[in-house]
Structures are given as structure tokens and as C-alpha cells.
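Note sheet for the following structure.
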Amino acid sequence: MNADRYAVELLRVQEVVRPSPLIAVRGAPASLLGVMNLRGQVVPVHDLGRWLRRPPIQAADERVRIVVLEYRDELLGLLVSAVTDVVTLEAEHIEPPAVQLRDRNTMGIARTPGAPPTVLLDATALFE
């Protein structure tokens, strides 16, 4: 997704996996690529780019991953262009979202020394 950086709360992340075959779901929203089998569980997988109304993720890239999120015993996968790091953020590093970014998906902007700004997504919004 170009140079944009996004993050979700680590407590919502169950695991990060390589892309696997997906089964299409008829009548699904554009962001829903299909469902995958994760050790016997059916997991819907969304394209993060499409979900954010941005260009879709280029699945042919070797760095592409599916981030499996968990919320209230439900699983959901997010196809992302790469997973780069896990960081601990202090309150002083988080700003409210800019006016043009304010919506139910965005919790704020992380600004840490030596790193580009990162949009903090509300992972639970995907489950609604």
C-alpha cells in the first residue's frame, strides 16, 4: 500500500501466516477475498487495501502476509503487504487522527523517533 504504514493492537493479533488458498464467497463485499482454512477453522480474509478504500494488496509479493485477528472468539484475516515490526507505544507517541482520517477505523497516529508516522487501526471495527 505504497509507503503508508498501519498498525493494529497486538492483543488482537493471534498470528501472522503466509497467504494460503482462499475460497471465494458469493455476494461478499469487495474487501473480502474469501475464506481460508486455518487448522480446521474457517477464517474470512479481507484485503486491507480494499477495506481502507485504497489500492488492493499485490499478493504476488514475497513479503505479503495474512494477519489473523481475534475478537470475542471470532477470527478474521487481513491481507497486508508486509509485517515489519512490533513496537511498544507510550501515550506521548500517539496523536488523535487528522480530521480527514477520522472515522470508525482509525484510533490515532503513532509518531516515534526515527520511524515514519503510522496509522493506528481499530481492529475491532473489522468485526462489526
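The values are calculated or read from the model by the stated rules, or taken from the named source; none is laboratory data. Worth saying up front: this structure is predicted, and the values here are computed from it rather than measured. Note that we place each Cβ from the backbone using ideal geometry, even for glycine, and neighbour counts take in every protein chain shown. For the accessible areas, the whole protein counts, side chains as well, though only heavy atoms, and no ligand, DNA or RNA atoms are used. Shrake-Rupley method; radii C 1.70, N 1.55, O 1.52, S 1.80 Å.
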*asked:* Please verify whether Leu11 is under 20 Å from Thr124 (Cβ atoms) and open to solvent by 80 Å² or more (accessible area, probe 1.4 Å), treating the condition exactly as stated.
replied: yes
- Task: Kindly indicate whether Gly34 is farther than 16 Å from Val16 by Cα, at pLDDT 95 or above, open to solvent by less than 30 Å² (accessible area, probe 1.4 Å) and of a type in the set (Gly, Ala, Ser).
- Result: yes
Exactly one of Val119, Val86 is open to solvent by 70 Å² or more (accessible area, probe 1.4 Å), closer than 19 Å to Glu9 by Cα, touching a helix residue (DSSP H, G or I) at 6+ places or on another chain (Cβ under 9 Å) and touching a residue at least 60 places away in the same chain (Cβ under 8 Å), and that one is Val86
Going through (1) modelled with pLDDT of 95 or more; (2) aliphatic (A, V, I, L, M); (3) out of contact with any Pro (no Cβ under 8 Å at 6 or more places or on another chain); (4) within 30 Å of Ala115 (Cα to Cα) one by one, Leu76 fails only at (3)
Note: among Pro56, Pro44, just one is open to solvent by less than 60 Å² (accessible area, probe 1.4 Å), closer than 21 Å to Leu120 by Cα and either assigned to a strand (DSSP E or B) or not polar (S, T, N, Q) (or both), namely Pro56
Thr124 meets each of (1) closer than 14 Å to Arg5 by Cα; (2) open to solvent by less than 30 Å² (accessible area, probe 1.4 Å); (3) not acidic (Asp, Glu); (4) not in a strand (DSSP E or B) with one exception, condition (1)
Yes or no: the stretch 63-80 includes at least one residue that is surrounded by 12 or more Cβ atoms within 10 Å (Cβ to Cβ), without any contact (Cβ under 8 Å) to a residue 40 or more places away in the chain and part of a loop (DSSP other than H, G, I, E, B). no
